[in-house]
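Each remark here refers to the structure printed beneath this line.
The values are calculated or read from the model by the stated rules, or taken from the named source; none is laboratory data. Quantities reported herein were computed from a predicted structural model and do not represent experimental measurements. Virtual Cβ from ideal backbone geometry, glycine too; neighbours counted across all protein chains shown. Heavy atoms of the whole protein, side chains included, go into the accessibility calculation; ligands, DNA and RNA do not. Shrake-Rupley method; radii C 1.70, N 1.55, O 1.52, S 1.80 Å.
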Amino acid sequence: MSRLPPSRSAKRARPARAPFVLKFAAACLQAIAITAFADPHEASRFSVPSGSPDETMQAAAAFALELQPDAEISFRDSQSGSLSVSRVEDDRIHCILRLSPDTAEALMPLNRFLNGRLDRDAQAMWALAHEIGHCKLRDAFLNRTDGHVADASVFPWLAQEAAADAYGILSVERKLGNKTTVREAVILSRMLAAAMYHDRSHATGHYVSDALALCPNNRNDADAVQCAISTAYYTVGSIANDQEGAPMPVDSPPQLIYETGVAKIASVMHVYENMAQYKAQFTGADLSRFEFNEVSHNGESHYITAESESGQKMDMTYRLADFYGFKTGELVTDDERNVKVMRIDGADELDWLLTLGAVVRTQDGESLRKGEAQR
């Protein structure tokens, strides 16, 4: 559970012989009580939203934790589908999964096409392994074998989705055996879903189908991660080949397409010397269109609200915190108002919020942003 700020409890006065000591203690108690009531304090327990998963989702979550034992998994009654966020904490990736507790909701929208091709348990396992795959792909680039750091967000979203598909397929096959139909079912369902919904950003079927030829081994998780990386590069190479008028025919060896992808990404990827340099310079800027205001600041905890800046202002505090894995609750302010806020604990969480492009206006009138000194 979350760590609450230190409580302000009044000290009991010891028995005293002189009456004026008792009066003095009583006056101190009253003053402390007034101060405690006036200062901002948490009105509710701060936590991430949660729900009660059904049996299938419980089993799928257990499988996801086999793949990523330190992943943070929570179930949201308001969430349809599943999503993952990978946050940098210290020198590692913190993988956060947010899922619907109901299997039918969690598997939307692909279950329409997977039903009948893959049983429900395997569908749920693949869906969660897919989300873990996103975290694994980013972790592989942030923890390169040469000690340098890069960010997988340089890959287009389609390539990242294809990589996660490949990782999920191999992970489930390793768990259930090669005779499972997960490979064929996912590839075909992706093709049908992309065609029906005209969704190019998730049209991974053809790329994954061909890229899996680059993955002859599936002995352990490392093989699955390597396959995800190869799939991401293959997808980039295939897209580039199409954009250039297909100088390589569609039946070219997948290794050639893969090498084209490697060259394309190498030309645009920024490589940092180490994690410290990456954390100081990298900014994703996803949250630049929202307005963040600090309501209170207690030690290393910042209590922050968020609003949309475009058009009519809307309170986005809970929705953004829910998506990015921050704790939420209500804070009683010094003017006795209850305000819905997200709680940002410590330098890593604040750095992550700023990395995503947020500019936080503090109580002192400062604007905290990536790359500037933080309190």
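Overview of values
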read-out	value
Options S189, S201; residue that is part of a helix (DSSP H, G or I) and at pLDDT below 95	S201
The stretch 245-285: number of residues that are part of a loop (DSSP other than H, G, I, E, B), within 18 Å of L158 (Cα to Cα) and open to solvent by 60 Å² or more (accessible area, probe 1.4 Å)	1
Breaking point among (1) out of contact with any strand residue (DSSP E or B) (no Cβ under 9 Å at 6 or more places or on another chain); (2) of a type outside the set (V, I, T); (3) not in a loop (DSSP other than H, G, I, E, B), for E330	(1)
Listing of helices (runs of 4 or more DSSP H) fully contained in the stretch 83-153 that carry 1 or more residues being under 20 Å from the mean Cα position of the chain (by Cα)	103-106, 120-142
Checking M314 against (1) more than 18 Å from the chain's Cα centre (by Cα); (2) in contact (Cβ under 8 Å) with a residue 12 or more places away in the chain; (3) more than 20 Å from E42 (Cβ to Cβ), the condition it does not meet	(2)
Positions within the stretch 286-322 being surrounded by 16 or more Cβ atoms within 10 Å (Cβ to Cβ) and within 22 Å of L142 (Cβ to Cβ), in sequence order	L287
Residues of the stretch 335-365 classified as closer than 17 Å to G299 by Cα and not in a strand (DSSP E or B), total	9
Residues located in the stretch 50-90, provided they are among the hydroxyl-bearing types (S, T, Y) and either within 14 Å of K136 (Cβ to Cβ) or in contact with a Pro (Cβ under 6 Å, 6 or more places away or on another chain) (or both)	S52, S84, S86
Residue in the stretch 243-254 that is touching a residue at least 40 places away in the same chain (Cβ under 8 Å) and closer than 25 Å to E173 by Cα present	yes
Residue check, L350 farther than 22 Å from H94 by Cα and buried (at least 16 other Cβ atoms within 10 Å of the Cβ)	no
